[in-house]
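The next block holds one structure in the form of structure tokens; read it before the comments.
The values are calculated or read from the model by the stated rules, or taken from the named source; none is laboratory data. Only a predicted model underlies this, so the values are computations on that prediction, with no experimental measurement involved. When we count neighbours, we look across all protein chains shown, and the Cβ atoms used for this are built from the backbone with ideal geometry, even at glycine. These area figures cover heavy atoms from the full protein model, side chains too; ligands, DNA and RNA do not enter into them. Shrake-Rupley method; radii C 1.70, N 1.55, O 1.52, S 1.80 Å.
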Amino acid sequence: MIKVLFVCLGNICRSPLAEAIFNHKVQAMGLSRKFKSDSAGTSDYHIGELPDERSIQCAQRKGLKISHRGRQVNRTDFRDFDYIIAMDDSNQKNLQTLRDKYKFAGKEIYLMRDFVPGCEGLPVPDPYYGGEEGFDEIFQILDESINNFLTKIQEAHQLYA
Ligand code: 4NP
């Protein structure tokens, strides 16, 4: 079982959407039994909350369901997840600091758009203070990034349905 954790700041906009897109794709590929995914935030701002209504609506427009409650990244996540994927470089830096503090040196913290050639280093932009169109934009970004991520780990782990 390969375990994947998507991480943003609040765990109510980007990372729950990433998790829902990932689960949908994995299911469509017939690979559900091979993966477990979750999402978390670096902050404690929205612990226990449902995703932002705009993320829920955006997912719904694409036929996806989001069910998640906000939670903060914790020490055991560094032990339990094979792939920890940050949405932007601020999330990535915070995760690297936590990783070092918790003595998981060597654990790679991935950046979501690094899986897309030509988009290395770019953020999945924080849509929280913007309008609804920002959510459709991050959906497209996540969709492409997760396709590439899945291709990469299917090859790396020889996973076929
Ligand atoms: P997220 O978006 O990190 O994609 O979940 C945000 C949600 C909440 C806040 C910032 C970003 N906030 O400042 O409360």
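Give the aspartates and glutamates whose C-alpha is closer than 17 Å to that of Lys101, dropping any in the same chain fewer than 8 places away, or say none.
Cross-link targets: Asp77, Asp80.
Given the -39500 (n - 2.57) contribution per DSSP H run of 4+ residues, what per-residue ellipticity at 222 nm results for the chain, rounded to the nearest 500 deg cm²/dmol? Please report the intermediate quantities before stating the final value.
Details: 5 runs with 68 residues, N = 161.
The helix contribution divided over the chain gives -13500 deg cm²/dmol.
Pulled fully out, how much extra length does the chain show between Met29 and Asp136, if you take 0.36 nm times their separation in residues and subtract their Cα-Cα distance?
Working: separation 107, 0.36 × 107 = 38.52 nm, distance 2.33 nm.
That pair, Met29 and Asp136, stretches by 36.2 nm at full extension.
Could I have the simple spin-label model distance between Ala105 and Tyr45, label points 7 Å from Cα toward Cβ, reported in nm to one decimal?
3.3 nm
Say the cut-off is 26 Å between C-alpha atoms; which of Lys107/Lys152; Lys3/Lys62; Lys34/Lys152; Lys65/Lys93; Lys34/Lys93; Lys25/Lys93 go over it? Mind showing how you got there, number by number?
Details: Lys107/Lys152 18 Å; Lys3/Lys62 24 Å; Lys34/Lys152 15 Å; Lys65/Lys93 30 Å; Lys34/Lys93 29 Å; Lys25/Lys93 28 Å.
Among Lys107/Lys152; Lys3/Lys62; Lys34/Lys152; Lys65/Lys93; Lys34/Lys93; Lys25/Lys93, the Cα-Cα distance tops 26 Å for Lys65/Lys93; Lys34/Lys93; Lys25/Lys93.
Apply the a/c threshold of 1.5 to the C-alpha gyration tensor of region 1-114 and tell me whether it is rounded, prolate or oblate.
Values: a/c = 2.00, a/b = 1.32, b/c = 1.51.
Oblate, since a/c reaches 1.5 and b/c is not below a/b.
With every protein chain left in place, what is the accessible area per residue of region 2-157 in square angstrom, probe 1.4 Å? Walk me through the numbers on the way to the answer.
On the way: 7550 Å² over 156 residues.
Heavy-atom accessible area per residue stands at 48 Å².
Using 0.36 nm per residue, how much length does the chain from His157 to Glu144 gain when fully extended, once their Cα-Cα distance is taken away? Each step should come with its number before you reach the end.
Working: separation 13, 0.36 × 13 = 4.68 nm, distance 2.02 nm.
Computed gain between His157 and Glu144 is 2.7 nm.
Of the accessible area of region 2-157, with the probe set at 1.4 angstrom, what percent is carbon plus sulfur?
Details: 3570 of 7550 Å².
C and S atoms contribute 47 percent here.
Given H placed on each backbone N at 1.01 Å, which residues far from Ser37 in sequence or on other chains put an amide H within less than 5 Å of it?
Under 5 Å from the amide H of Ser37: Val4.
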